[in-house]
Structure formats: C-alpha cells, structure tokens
Amino acid sequence: MRGLDVWERSGLLPTSPYPLNVLVERAEGVFIYGGGKKYLDLISGIAVNIIGHRHPRVVEAIKKQVDRYDHVMVYGDFILDVQMEYAKLLTSLLPPSLNTVFFTNSGSEAIDATIKLSRRFTGKKKVIAFKNAYHGSTFGAWTLASHSDIVKGMEPLLSEVYHAEFNDIESVERLMDGDVASVIVEPVQGEAGVVPAKPEFLMQLRRLCDEQGVLLVFDEVQTGFGRSGSLFAFEKYEVVPDVLVLAKALGGGFPLGAFISSRKIMSVLMDPPFGHITTYGGHPVSCAAGLATLKVLIDEDIISERIPQLETVMKNTLFRALSNIPDVKISIEGIMGAIHLPDASLTDRVIRKVIEKHNIIVDWFLFAETGIRIYPPAIIEDDQLEYALLTIANVIKEEIAR
Ligand SMILES: Cc1ncc(COP(=O)(O)O)c(C=O)c1O
C-alpha cells in the first residue's frame, strides 16, 4: 500500500490501493509536468484528452464562455446557445435517427438514464449487459459490471440486470424472454483490456433487438471521439444503435456526458415530465470545451488522417518490438491499445518502471490485470509515440530477463 500516507495527510480518499502519486503542476499538449519531471502522457486522462492538454482553441473557447456566463440554470430550461450549437454539430455528424441529445455530468449518469429511458419506452424491465463490461460508478452502471468483487457488500444491486457473454449471440438469445428493455454494449470493451466486438456480433445484436423490440445502447464513452479509429466506433461496424452514450472526450477535458437517440424515444422522458433532470449536466463551459475539441478533430483532419496514421505506428512498432516474446498479446483499435503480458506481477513492475524511470505515463485496466493501457492523445507526433512504445517494449524485455 505505497504512498497512501500522502492522501491520508491531505484528508483525501483514493479508492485505488496503489495510487501512482504523480504530482501534477501543469499539463500542456502531450506532456504533464510536476515534481521536477516532464512526463509523456500515454493515457490521455483515460480516454479524455483526445487533443492533448490545454489545446489553444479549447482554452480560448473556455475563456470566452466564462467571460459570458457559466452556470445559470439546470439543464433543459434556459436556452444556452453553446449547448445548442454543440448538440447541432453532434447530430449533424450522426445518422438521422440519432437526432436528440440530453447532456449529463458524466458517462455513468448517462448510462443510468438510458436504463430509465429504455424501461419507460419499451414498458419492459430487463437490461442485458456483458461480462467484463464497465459502464460507470452510479448504481445502475455499477450493476452492469459483472465483477462480483467490485460490488461486494453493496447488494442488493439494481434488479433485472443480466449478463451475457461478449461476442456470443446465443448467450444473449437465451436471455431474450419478451421482457427485455435494452441491451447495453461497448463496441470495444475498454476496461476488459481493449477487446473489440466481432462485426457479426454487433450486426446480430442489431437484428435481435429489432426483432424483439429491444433498445440497443452503445456505450461509446471510451471508443467515441476518434479513440477507436473513427469518430464513433459504430461507424466502423456499420451498426447504428438506438441510443448512443458519450462522455470522456466529449467534454474536451471538462465533465460532460450525453445520451443521444431519436426524438420519439427521448420524448418519453417528457411524459410524465422530468424523466431525467440534472443541475450541472451540459454545463456551458464543458460544452464550450467539447465543442471546440470536436471542431479541432474535424478541421485538423485528426479523425481522417492522424488517428489512422498513429494506429499504424502503434501496430508496426509494437508488433515488431514484441513479436518474438512468447505469451505477449497486443490489442489495438485506433489509438486504444493494450499490451497483455503473461502475468500480473510482471505487468505491475513494467508499468511502475515505465512511469518512474522513463517518465512515460501508462496505466492498468480495471478488469485485465495483465494489461498495460496505452491511450495516447491524437496530437502526439509519430516519433514521440514510437520512442515511447520502444521504451515500453525494452522495459518489458528487461523485466522478463530479470
Ligand atoms: C466505457 C465506459 N462507460 C462509462 C464510463 C463512466 O463514465 P464516467 O466516469 O464519466 O461516469 C466509463 C468510465 O471509465 C467507461 O469507460
């Protein structure tokens, strides 16, 4: 339990038993500065800072917004131009059926809201999620995680939530009994260690949900905003969900989530009214930051050019550097990467050494104890990324040889 004393002295609680304790004084672009060190950030605040830290266009947008107004009224009463502009831009980039946005504070809140939405819209009770999924920390989202250790002592959980096997359509079919409101799925399971859905699995899910009158919800909190290689992962899979959930990069470094669906589906939250309400959801400063981020992603060809190029760099560098090491698995989707080593203690040693000795920030996954998370910002240069990946590969070799 290293480093917990710092937290205790400050009166804060880290729920991680082994906090990294990297001191942050400043962050800029792909770097985080603190304690006399300059760290290269390969996790982007866990899939948040898609265009790095303090991008000038984001900083400018925030400043402009703060100079005009910050919080004025809960979401959904006053007309806030920045929210409207953001919703308009988002929906212009989505298929016509995803035309109505509700902004929340976080991904967890948006996921919980989709449970309420799907039950009210369908009049059915059950929600199907997948083993090894992570959808957040509020009660509904927490129940969707299948891991008994994280929910221990917190039962009873939300009722009528069932877990199917990821990438196994028959396990979903077995749960379809006419009382299922929604199926909630990550197109690429993040916390399981970057595990992509098979294309046919998502297509079969779409077909099954259509046949059974079930809402298909895609949690793109991690995969969205270019992280998994296209603006939204569903585009790559060519499967349109009924409800799309976004957060993380959506807020451009500020707290923001959203669930997006058709006007017809979303309208059930107005009947009876106030089906979902939030004080801070859609905060104008978060919307300004997110809107500026999305414009940068589009204007600077980051989605169309940089991310595919960085994905190639990741694949080429890691497969070449680690190809002759047995039992190492690499999973890369866009700039969402995982290196899985043969055992968890090796993974721990590698992660700590990469951070402490080489000042490169990598991280663990929640549900993949042998995985090293590599989620670089999309503004990283090819040579910076290549250098960092080769350094990680060398540390892996050193620690295996120890
Ligand atoms: C796939 C996924 N869904 C939902 C969430 C919850 O988002 P938030 O932490 O903003 O509540 C997370 C957070 O890590 C996530 O990775």
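The values are calculated or read from the model by the stated rules, or taken from the named source; none is laboratory data. Note that this is a predicted model, so its numbers are computed, not measured. Using ideal geometry, Cβ is built from the backbone for each residue, glycine included, and neighbour counts are taken over all protein chains shown.
In segment 129-154, the residues that are free of Cβ contacts under 8 Å to residues at least 60 places away in the same chain reach residues that are more than 14 Å from the ligand (Cβ to nearest atom) and assigned to a strand (DSSP E or B) with C-beta atoms within less than 6 angstrom, at least six apart or across chains, in these pairs: Ala129/His163; Phe130/Ala164; Lys131/His163; Thr143/Val161; Ser146/His163. Only a single item in (1) in the same structural domain as Glu369 (by TED's automatic domain parsing); (2) on the phi > 0 side of the Ramachandran plot; (3) at pLDDT 95 or above is not met by Glu28, and it is number (2).
Are any of the residues in segment 103-113 more than 13 Å from the ligand (Cβ to nearest atom) and at pLDDT 95 or above? Among the residues of segment 103-113, not one is more than 13 Å from the ligand (Cβ to nearest atom) and at pLDDT 95 or above, which makes the answer no. Taking the criterion of being touching a helix residue (DSSP H, G or I) at 6+ places or on another chain (Cβ under 8 Å) and farther than 13 Å from Asp41 by Cα, the residues of segment 367-385 that qualify are Glu369, Thr370, Gly371, Ile372, Asp382. Contact map, segment 208-237: first residue at negative phi, second residue polar (S, T, N, Q) and surrounded by fewer than 24 Cβ atoms within 10 Å (Cβ to Cβ), Cβ cut-off under 8 Å, separation 6 or more or different chains; pairs are Val214/Thr122; Leu215/Thr122; Lys236/Ser230. Where the second residue is away from the ligand (no atom under 16 Å from the Cβ) and modelled with pLDDT under 95 and the first is part of a helix (DSSP H, G or I) and lies in segment 43-66, which pairs have Cβ atoms under 9 Å and are six or more apart or on separate chains? Going by the 9 Å Cβ cut-off, there are no qualifying pairs. Restricting segment 243-257 to residues that are crowded, with 24+ Cβ neighbours inside 10 Å and more than 11 Å from the ligand (Cβ to nearest atom), the residue that is nearest to Arg57 (Cα to Cα) is Gly252. Considering segment 162-194, and only residues there that are assigned to a strand (DSSP E or B) and more than 12 Å from the ligand (Cβ to nearest atom), the residue that is surrounded by the most Cβ atoms within 10 Å (Cβ to Cβ) turns out to be Val183. Within segment 322-349, the set of residues being buried (at least 17 other Cβ atoms within 10 Å of the Cβ) and assigned to a strand (DSSP E or B) comprises Ile330, Ser331, Ile332, Glu333, Met336, Gly337, Ala338, Ile339, His340.
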